[in-house]
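Working notes, structure below.
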Amino acid sequence: MSGTIQSFFDFLKFLYLRRSPSMPFIKVGIFLIGSALSVGFFFDVNASYGPLTVSLDGSDRQTWPLVIQWLMFGAGFPSLIVGLIVQWRQVKTLWRDAQRKRLVTVEHRGLTTPINGTLSSSVPPEFIGRREEIFIDQTPYVSGNSRVDDPEKSLEEVLYIRRDIDGRVKAVDKKDVTVIYGGLASVPFTFLAGYLIDDDNEVEVMDWDRFKGKWFHIKAKGREAREAAISGVEEAGAADEVVVALSISYKADLLALAKVFPEFPLVHMDSGDYQPNNHWDREQQDRWADQFVTLMRALAGARKIHLTIAAQNSVVFTLGRNFDRRNSPAINLYQYERDEDPAYPWAVAVPRGGNDAQIIWKSDGRRR
């Protein structure tokens, strides 16, 4: 019952904000009828008792010719009726869509950053359908400045995200399902979430604006997408293992990488625009993702990639969704902890083939 009520309100919001083809007819009709009445055209209704008599008279109480007022009214009334008919048909179509379609919101929380509003309540009104909510909560396993205390248990919260989505909509046609992802979580788990969700359904991405305290939909803004500069590919040559650093919204700690991986060549993909608000354009994110996929293919000769990403949540998720699992080397995606030694203590080994994701430890004395 609650799902139906939610769908009804989503439908009303969408209908209110949507540009309908019926609105020009309705507006013209109201304008003409209102104009006819405002210039002096009135209806006089006379009723009497026994015998019952009802009469309807039109009278001109101002200076406009009555025929002009009738013409305005006669043109406005059909326009209004046509608009209402078109609107009613659209209402029925949208209501059927709202009942047939499904919206699966996946809210992913894995940092200590406070979030006041739920993802589900912030979904843009243009997305209609019965609501299904999935909540991935890794916050019990983080502390302090969002330090991940137990990567293994955190990993378990993400591993079955695809199964959870499919279980909610198993009786629904895939084309009628939209997955809306948003969250704040550690880079390796965010990338893995995107990798696992993949493209089985239409996927939309939202991100949390920490300055405004709101969820925002990542959509195309019609701006020219910038390309990130890529260096070190030729130097990597035919190396067996390569370190790849992506500096998107922040600058990756290249000195720490050189200390942790002194024996491997470094490839750097650098946006050159280090600010937390450089990522709200979907076309820009797609361009970075295209470059990332191309880079991974260029390094396909390597046996393993040690990867680190300095970017906002939605960018990392988009990179994970676009990762080419067939034509790319195996990757370990590292978590950055500035105050630890090593600064890249553990990674998620992204699954390939029949393998499952697992935590790989870099620090001494821990499982490697």
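The values are calculated or read from the model by the stated rules, or taken from the named source; none is laboratory data. All figures in this text were calculated on a predicted structure; none of them were measured in a lab. Here the Cβ is made from the backbone with ideal geometry for all residues, glycine too, and neighbour counts use every protein chain on show. Note: accessible area is taken over every heavy atom of the protein model, side chains too, but ligands, DNA and RNA are not part of it. Shrake-Rupley method; radii C 1.70, N 1.55, O 1.52, S 1.80 Å.
At a glance:
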| item | result |
| --- | --- |
| Residue-wise HN-Hα coupling along segment 76-89, computed from phi with Karplus coefficients 6.51, -1.76, 1.60 (Hz; x: Gly, Pro) | x, 5, x, 4, 5, 5, 4, x, 5, 5, 4, 4, 5, 5 |
| Distance between modelled label sites at Q358 and E235, nm, 7 Å Cα→Cβ extension | 3.2 |
| Karplus (6.51, -1.76, 1.60) ³J(HN,Hα), θ = phi - 60°, over segment 229-241, in Hz, Gly and Pro reported as x | 7, 10, 10, x, 5, 5, 5, 5, x, 9, 4, 6, 10 |
| Stokes-Einstein D (µm²/s) once Rh is taken as the Kirkwood radius of segment 127-258 over alpha-carbon pairs, at 10 °C in 1.306 mPa s | 88 |
| Calculated P(r) of segment 151-207 - Cα pairs past 12 Å, % | 68 |
| From the C-alpha gyration tensor of segment 97-168, square roots of 5λ in Å | 28, 16, 6 |
| Stretchable slack from I68 to R223, in nm (0.36 nm times residue separation minus alpha-carbon distance) | 50.8 nm |
| Derived scalar couplings ³J(HN,Hα) [segment 288-295; Karplus, 6.51 cos²θ - 1.76 cosθ + 1.60; whole Hz; x for Gly, Pro] | 4, 5, 4, 5, 5, 4, 4, 5 |
| Cα-based shape type of segment 307-363, given that a ≥ b ≥ c are square roots of the gyration tensor eigenvalues and the cut on a/c is 1.5 | oblate |
| K214 accessible area, 1.4 Å probe, all protein chains in place, Å² to nearest 10 | 110 |
| For G144, net neighbour charge (Lys/Arg +1, Asp/Glu -1) across residues whose Cβ lies under 14 Å away | -3 |
| Contour excess over end-to-end distance, with Cα ends at D199 and I85 and 0.36 nm allotted per residue | 37.2 nm |
| Stokes-Einstein D in µm²/s, Kirkwood radius over Cα pairs - segment 237-368 at 25 °C with 0.890 mPa s viscosity | 161 |
| Sequence-distant residues sharing a close amide H with R131 (under 5 Å, placed H) | S7, L103 |
